Structures are given as structure tokens and as C-alpha cells.
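A short write-up of the structure that comes next.
The values are calculated or read from the model by the stated rules, or taken from the named source; none is laboratory data. Treat the numbers as computed from the prediction; the structure is a model and nothing was measured. Virtual Cβ from ideal backbone geometry, glycine too; neighbours counted across all protein chains shown.
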Amino acid sequence: MIEEVAEAKQQAVKEFASASCAEELERFRIKYLGKRGLLAMFLKSIGKLSTEERPGAGKVINDAKVSVQQAFDEAKERIAVANQGEVAASSFDWTLPSYSFARGHLHPCTQVMDDVIDIFVEMGFKVETGPEVELDYYNFGALNTPKEHPARDLHDTFYISDDVLLRTHTSPVQIRVMESVKPPVQVISPGVAYRRDAADPTHLPMFTQVEGLMVDEGVTFSNLKAVLGEFARQMFGEERKTRFRPHYFPFTEPSAEMDISCGICSGKGCRSCKGTGWLEILGCGMVHPNVFDNVGYNREKYTGFAFGMGIERIAMLKYGIDDIRLFVENDLRFLKQF
Ligand code: DAH
């Protein structure tokens, strides 16, 4: 039997070395190393040997098994390497047309925000940002809105403690900027703001604003109209008209809201503009002298204007979107249109 095993081992090593493909190798593996293969048979037949012969035969068979296994492993590796080369050589067809990758793009609000920033930066405004978790003082107090001021009711504030809140607008950045630099000041502040509003077609509890501020000697309401008029022209096009309506904000005096003529009915009046022909796009006004007092600017020497707009609202007006919630639902059928 010992010779038979030696012969089988030699035969196996030869056959593994000659195997030219994975299928052939597998056939040889089953033949020698399989559950019912030759080596398994030898092991089984040990039972028929005499007790003295058994240990010697067992060792010979196991040694043979190790050698055969090694020959198999080598053959397997050799065939795998050969296949790789073949696959690499055969599967790369240089004449195939390339295929394109699915590309993402910026969110419509990000695009509109970028456009707004570009327009103001071109007019000389610098970009400044401030914290979203803000002190009551910056969000309200310094903006001429003390604790019992009725305008606070409109803001539905998320309070974190008595003095700390989620900013309800980007206007507190005005105060931070004026506290840190002397006039002339010409900044815009893009960022997120929060209000305790339930989401509906025109409200989200978290939304985006851009604040603007220009302060120097001799800044007038005419400058405000020129800057915001130019902004509206660039954002919405030459054909749209603008108008200013008196309004109230605690931190500006006089205060106004700017409207643009409705793009759907060209100002004749339709459902979109509730029959008025106009759509409100932002709040603005001349910085209140009390605000200058709060930041240590000389109210006799300096004047300035400020404005604030909602980016989602601008995007809705620009693209004719009638529900602000679409911006945060992440429905690709909506987002892919921009
Ligand atoms: N902060 C105001 C708001 O969120 C918008 C605003 C109005 C900002 C007038 C201003 C301004 O700077 O002058 O409704």
C-alpha cells in the first residue's frame, strides 16, 4: 500500500501541475483530495491493515496529503494569475463609448443664495457670519427690541435659557459687526434662522436669510433704493418693477418692505399675488439711532440702511414654487428640476 500511495502522490502532483484551467483543476482536486477521493480511500483502508502496520501507513498517507494539497494550492494560484492577465487583456475594449456618471448639483436654495451673495459682493459688500445660537441681547435687545416689546410676539422664539436662544433672524450679525469695526461698514450676512412655526406652504421652523447693512456718513434712503433696486433687477430681470411700502421694524426708522411686480400676471393681478400685482420680497429701512447708541456709533455723524430677506422666499418667487416645504422634503423629482 505504501507504494500505491507514493505512486498516487506523484500522479497527483503531475496532474495538478498540468492543469490548464480552473475546471480541470477542480476535477483533479475531487479525484485526489475530495471526500471520496483517492487519499480518503487510502485512509479508510487503513482499517484493513494489521495493528503494527497502521501507524506507519497513516503517516505516509498524511504526508502525501500535505504534498498533494500544496501542489493543488500552487496550481490554483498559477491559474488565477494567468486568468487575471487574460481578463485584463481581453475585457478592455478601447473602442467602447464612455458612459457618464450620474451627477448631483447644488440645492436650489444654495444656488439662489450664491446668486444673492454674488450680486451684493459685486456692489462692494463683504460677507460676515454670526452664531445661530445667539444671546437674547443680540437677537432683540441691541436691535431696539427690549423684553416687553410687542414685536417679540411675532418671532415665536426657540429659547434655550432666559438669555440664550436660536436666532429668529440674521439681524443680530449687524450688531456683532458694528461692535467690532468702525464705519464705513458694508456687509451681508447669509445664514439660517429659526422660529417656532409649524411647517406650512409659507413657513418652516428653520429657514435661510440674508441680512445687509451699510453705514457711513451721509448714507440715505436713496442709496438703499439704488442698491436694492439693482439687486432686484439682477435677480429677477429688467422687466420686473419694484416698489417700497411703509412698514414697521423696531431696528429701522423709517422702515419699508420692498415688492416686485408679479411675474405671473405682469402686475395685472392674479391668484399668486392675491390680486395686487405685487409680491413682497424683503424688509428694509434706515438703521434706528437707538441701534447706533447700542453699538457705540455716533448717531449724529453716521446713518445707514439695513435689509433682510428670506432665501426660500426669493427662490419660490424666482422659480414659481408655491410650497416652501418642497425645499426640505428631498424629493429628487423636485430637486432635479434646478
Ligand atoms: N429681520 C427681519 C425679519 O426677519 C428682516 C429685516 C427687516 C432685516 C428690516 C433688516 C431690516 O435688516 O432693516 O423679518
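Quick look at the values:
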| item | result |
| --- | --- |
| Filter result (within 13 Å of the ligand (Cβ to nearest atom) and aromatic (F, W, Y)) within region 290-306 | F305 |
| Residues satisfying the stated conditions in region 273-289, i.e. more than 13 Å from the ligand (Cβ to nearest atom) and touching a helix residue (DSSP H, G or I) at 6+ places or on another chain (Cβ under 9 Å) | L279 |
| Hits in region 28-78 - residues which are surrounded by 13 or more Cβ atoms within 10 Å (Cβ to Cβ) and among the basic types (K, R) | R29, K31, R54, K65, K76, R78 |
| Evaluation of T110 against (1) in a helix (DSSP H, G or I); (2) away from the ligand (no atom under 13 Å from the Cβ); (3) touching a residue at least 40 places away in the same chain (Cβ under 8 Å) (one fails), failing number | (3) |
| Output for region 63-106, where each listed residue is of a type in the set (V, I, T), in a helix (DSSP H, G or I) and over 18 Å from I30 (Cα atoms) | V81, V87 |
| I117 vs. criteria under 43 Å from the mean Cα position of the chain (by Cα) and of a type in the set (V, I, T) | yes |
| Matching residues, region 159-179, being over 26 Å from the mean Cα position of the chain (by Cα) and more than 10 Å from the ligand (Cβ to nearest atom) | Y159, I160, S161, D162, D163, V164, I175, R176, V177, M178, E179 |
| Region 50-62: number of residues that are in contact with a helix residue (DSSP H, G or I) (Cβ under 6 Å, 6 or more places away or on another chain) and not in a helix (DSSP H, G or I) | 0 |
| Which listed residue is in contact (Cβ under 8 Å) with a residue 60 or more places away in the chain, farther than 24 Å from L135 by Cβ and touching a helix residue (DSSP H, G or I) at 6+ places or on another chain (Cβ under 8 Å), from P201, P190 | P201 |
| Residue among G263, G267 that is away from the ligand (no atom under 14 Å from the Cβ), over 28 Å from H149 (Cβ atoms) and over 35 Å from the mean Cα position of the chain (by Cα) | G267 |
| Some residue of region 253-275 being touching a residue at least 40 places away in the same chain (Cβ under 8 Å), closer than 29 Å to V187 by Cβ and of a type in the set (S, T, Y) | no |
| Test: residue in region 118-130 that is of a type in the set (A, V, I, L, M), surrounded by 15 or more Cβ atoms within 10 Å (Cβ to Cβ) and modelled with pLDDT under 95 | no |
| Failed item in (1) within 13 Å of the ligand (Cβ to nearest atom); (2) more than 22 Å from the chain's Cα centre (by Cα); (3) at pLDDT below 95, with H203 passing the rest | (2) |
| Single residue of R325, R333, R313 found to be assigned to a helix (DSSP H, G or I), within 12 Å of the ligand (Cβ to nearest atom) and within 27 Å of the chain's Cα centre (by Cα) | R313 |
| K182 being away from the ligand (no atom under 12 Å from the Cβ) and in contact with a strand residue (DSSP E or B) (Cβ under 9 Å, 6 or more places away or on another chain) | no |
